[in-house]
Amino acid sequence: MNPGKILLYGSILLLVACGPSTKIEKTWTDPSFTPSSVQSFKKILVMGLLKDESTRRIAEDKMVAAFKNVTAVQSYSYLQPSDSIRSEVEDKLKKDGFDGVVIMRLADVDKSVSYVPGTGYGGWYGYRYSSPGYYQEDKTFYVETNFYSLPETKLLWSGTTSSLNPNKLDRTIDDVIATLKGQLQKQKLIK
């Protein structure tokens, strides 16, 4: 095989292997929930309980943008610092026409070490092109998302995603939201 093609294929594999991968790790659905047992949600509060205010706002804005067939509102634009008593917040939400709440939070970061083997191939006249193997630290971010029904005041669905070695916050949040949106549509919680 041509050395240029080997280098090209190796580069493509490296990019695919190093890119963030987000997937659903586990889900739970209330056993009493059926799509017909709950009306379609019309107004949802989205909350991102994340590491800092900037990340929270980015995540909430992206979640709101992802909900197309429902009115979604960012918690940072709705809730006040004085809104700290759960029963009062629930009453306020119901009074303002909310029927659902989605809460996303960083549940865990798992660190591990993996070995990336070196590469090599034979060249002309016995030359050998290679790169040595190395160890790398991998980080897996686990994000838990819960979907609550306000009229029933109960948790309907919970899911945890994992993202391996995310390197860009915006892209990782987009991946997590796209993965979650697919699951929520599959469960018929949103359209």
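A few points about this structure:
- Residue selected from the range 77-92 under the condition surrounded by 12 or more Cβ atoms within 10 Å (Cβ to Cβ) and not acidic (Asp, Glu), by the criterion farthest from Ile58 (Cα to Cα): Lys92
- Scope the range 145-180; condition of a type in the set (Ser, Thr, Tyr), in a strand (DSSP E or B) and farther than 14 Å from Leu106 by Cα; matching residues: Tyr148, Ser149
- Some residue of the range 130-144 being modelled with pLDDT under 75 and in contact with a Gly (Cβ under 9 Å, 6 or more places away or on another chain): yes
- Residues of the range 1-60 classified as loosely packed, with under 12 Cβ neighbours inside 10 Å, among the polar types (S, T, N, Q) and at pLDDT 50 or above, total: 6
- Any hit, the range 94-108, residues being farther than 25 Å from Lys62 by Cα and modelled with pLDDT of 85 or more: yes
- Only a single item in (1) in contact with a strand residue (DSSP E or B) (Cβ under 7 Å, 6 or more places away or on another chain); (2) without any contact (Cβ under 8 Å) to a residue 12 or more places away in the chain; (3) of a type in the set (Lys, Arg) is not met by Lys92, and it is number (1).
The values are calculated or read from the model by the stated rules, or taken from the named source; none is laboratory data. Quick caveat: nothing in here was measured; it's all calculated off a predicted structure. Positions of Cβ are backbone-derived with ideal geometry, glycine not excepted, and every protein chain shown enters the neighbour counts.
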